[in-house]
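Remarks on the structure that follows.
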Amino acid sequence: MQYRIVNKLLYFFNVIKEKFNILKTWQKILSILIIIFILISVSKKILRQSENLSELNDEVTVKVAEIKLEDSDVSFLGYGFIEANNKVSLKAEEEGKVTEIIIDEGNKVNKGDLIAKLDIRDFELKLQEAEANLRKKRIELDSVRALKAKGLSSNSTFAEAEASFEGAQANLAHAQRMYENRFIKAPFNGILSKLNLKVGQIISDMQEIGEIITTEAYKVRLGVSEKYIKNIKDGNKAVVSLKDGIKLNAYVSFVSQVIESESKTFPVDVTIINNEEKLYDGMVATVKITYDKVKAYKVPSSSLTLNDEGELVIKIVRNNHIENLKVEIVGEEEDNVIITGDLPEKATLIIMGQNFVTSNSSVKISK
């Protein structure tokens, strides 16, 4: 190609030479400048072509790894935060003055444990009065029942005594409930994560005074993109990994059907099984949800690249030639990705230098 260009230039110069002598001085100068410009442009073109040929002939050193198809878990890898599966706000059932705090914030509690007391004096008196009134009404009812049996009391008198006794029973139940509400107790086993009480404090009816979280079950809430949500089902196995390297078995316990407007993801809950580790609300966790098994390659994510059409590919060496294989990521595992596609049973994968080779490249393999 370079020789054809040179021949054309020589022919052009011969034509110019024949007519050059009849030109005026300024025309000669202009012609010389045009010829110089053309020579420079052509030289650059020839140089570029020579460089391209040189690049094609240069041997590129690449690092490779032998890979093969293997049974792999198809999984989704996401991130979320540890949450208590059961979290309950403690509320005061009645208004009153705090007289004693038995369990401080941050301590473990069992169901029914007494956490704090309110002033009981008035309610204790009302309870005693209700108990005494019930005893009185029971005696009156028993007396009327005995008289009625002897025919000495009417049905209406008996009905009145019976209603009075039942009213006393209701009053006692109410007094007992009011008295019991002076004792703030744990509704289930857990951690008293918050307690907003002080001795001497006056609290109002239904005021929130603390919070208890369960220690028996924790969950991780994470967001799953639209691409993966169709694969995630209730009961899918999962593994929750903490920052310190601890791994906990889990399962998918909730899959939302409604996308969140801000994150554009679907909320998914993963419940941790038989946890014996000490967990806390807000701990960062990595979650791997497995939903299928396939024959796939497990390769470093850095080995992936794009072809000219923008498709995801890996580059392999086969018979000393470079081949692009289109792939799809179906899972992640630490620094590796799990990929599928029309893949051979075994392959020599380029893991370093893949961005500097084409199908025309000559490669030198370094393992």
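To keep it simple, each residue is scored yes or no on (1) more than 30 Å from Leu192 (Cβ to Cβ); (2) of a type in the set (Ser, Thr, Tyr).
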| residue | (1), (2) |
| --- | --- |
| Ser241 | no, yes |
| Asn249 | no, no |
| Leu304 | yes, no |
| Val313 | yes, no |
Query - Meets criteria (surrounded by fewer than 12 Cβ atoms within 10 Å (Cβ to Cβ), out of contact with any Phe, Trp or Tyr (no Cβ under 6 Å at 6 or more places or on another chain), within 23 Å of Phe356 (Cβ to Cβ) and modelled with pLDDT of 85 or more) for Leu325 - result: no
Query raised in the report: Hey, does the range 49-60 have a residue that's assigned to a strand (DSSP E or B) and modelled with pLDDT under 85?
Result: yes
**Report entry** Subset of the range 186-212 [charged (D, E, K, R) and under 28 Å from the mean Cα position of the chain (by Cα)]
**Finding:** Lys194, Glu211
Query raised in the report: Taking Glu93, is it modelled with pLDDT under 90, in a loop (DSSP other than H, G, I, E, B) and surrounded by 15 or more Cβ atoms within 10 Å (Cβ to Cβ)?
Result: yes
Report task. For Ile351, state whether it is over 27 Å from the mean Cα position of the chain (by Cα) and either over 15 Å from Lys68 (Cα atoms) or charged (D, E, K, R) (or both). Result -> no
Report task. Kindly indicate whether any position in the range 288-295 is touching a residue at least 12 places away in the same chain (Cβ under 8 Å), assigned to a strand (DSSP E or B) and under 30 Å from Asn107 (Cβ atoms). Result -> no
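The values are calculated or read from the model by the stated rules, or taken from the named source; none is laboratory data. These numbers come from a predicted model, not from an experiment. Positions of Cβ are generated from backbone atoms using ideal geometry, with glycine treated the same way; all protein chains shown enter the neighbour counts.
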